[in-house]
Structures are given as structure tokens and as C-alpha cells.
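Working notes, structure below.
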Amino acid sequence: MIRLSVDSFLQGLLAGAIATANPRVYIAYTEWTGDRFQKRETTVALNGVTDVTLLTAPPRGVVFEIDSIVCCNTDTAAVTLHVKYDDTVVDTFLFKVTLAVGETFIWEANDAG
């Protein structure tokens, strides 16, 4: 399970330059405020080898629980996606996946063990 709280956020980047198109990342997450929750989602375009914030840090008293992360390689060449957790002190690389043209990567919290 990936949880974000104050001063922690999720970032994505590619291992190398794109050929023609930056892939997009879709994230479904649950926003918890005390014992109340709301389902949310966002989609963000990657920007080559530059860190892109996929999900910002929640405000104080709120926790984001990541439900799923989806990325489809819309580029004309294979890409390697890195997803990392950043707590403003240390970057922790969560996973790296190489996607062929048109291939889709899906991470689901229920399958993460």
C-alpha cells in the first residue's frame, strides 16, 4: 500500500528521452479525512527524464491512499517508467517498468501484497 501524508508526494519520470509522445499516468486514490473518505482520480503527462509530480502531498490531517496506477506507452518507442515516493528528504524508488509501444502497466493496491 502506498500512503501519502503531509510532506510526501508521488513522482514519475522516464529513464530516457521520448521519441514522439510523453505517456500519461492515471492514478485512482482514496482521500481520508478522519474516518470519512472520498474516491478521487487524476491524470498527469510525464515529461521525459524530468521529475513530474503525479500526486501532490495532501493537506495536514488528510491521507491519500493510492488504489491504482496506470500508464500506457503512447510513444513510438519503448519507455522505462520510474515511480517514486518523495518525503522532501529522501526519494524512494517504488518500481521501474519498461513498456513496449502500446503496452499498459497497471499497479493495484489489492495486488501489492
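Residue-by-condition table, conditions (1) within 14 Å of the chain's Cα centre (by Cα); (2) farther than 18 Å from ARG24 by Cβ:
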| position | (1), (2) |
| --- | --- |
| THR43 | yes, no |
| ASP51 | yes, no |
| VAL89 | no, yes |
| ALA100 | no, no |
Check your understanding: Taking ARG3, is it of a type in the set (Lys, Arg), touching a residue at least 40 places away in the same chain (Cβ under 8 Å), in contact with a strand residue (DSSP E or B) (Cβ under 7 Å, 6 or more places away or on another chain) and closer than 21 Å to GLY102 by Cα?
Key -> no
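Coordinate-derived values only; no laboratory data. Keep in mind it's a predicted model, so treat the numbers as computed, not measured. We place every Cβ from the backbone using ideal geometry, glycine too, and count neighbours over all the protein chains shown.
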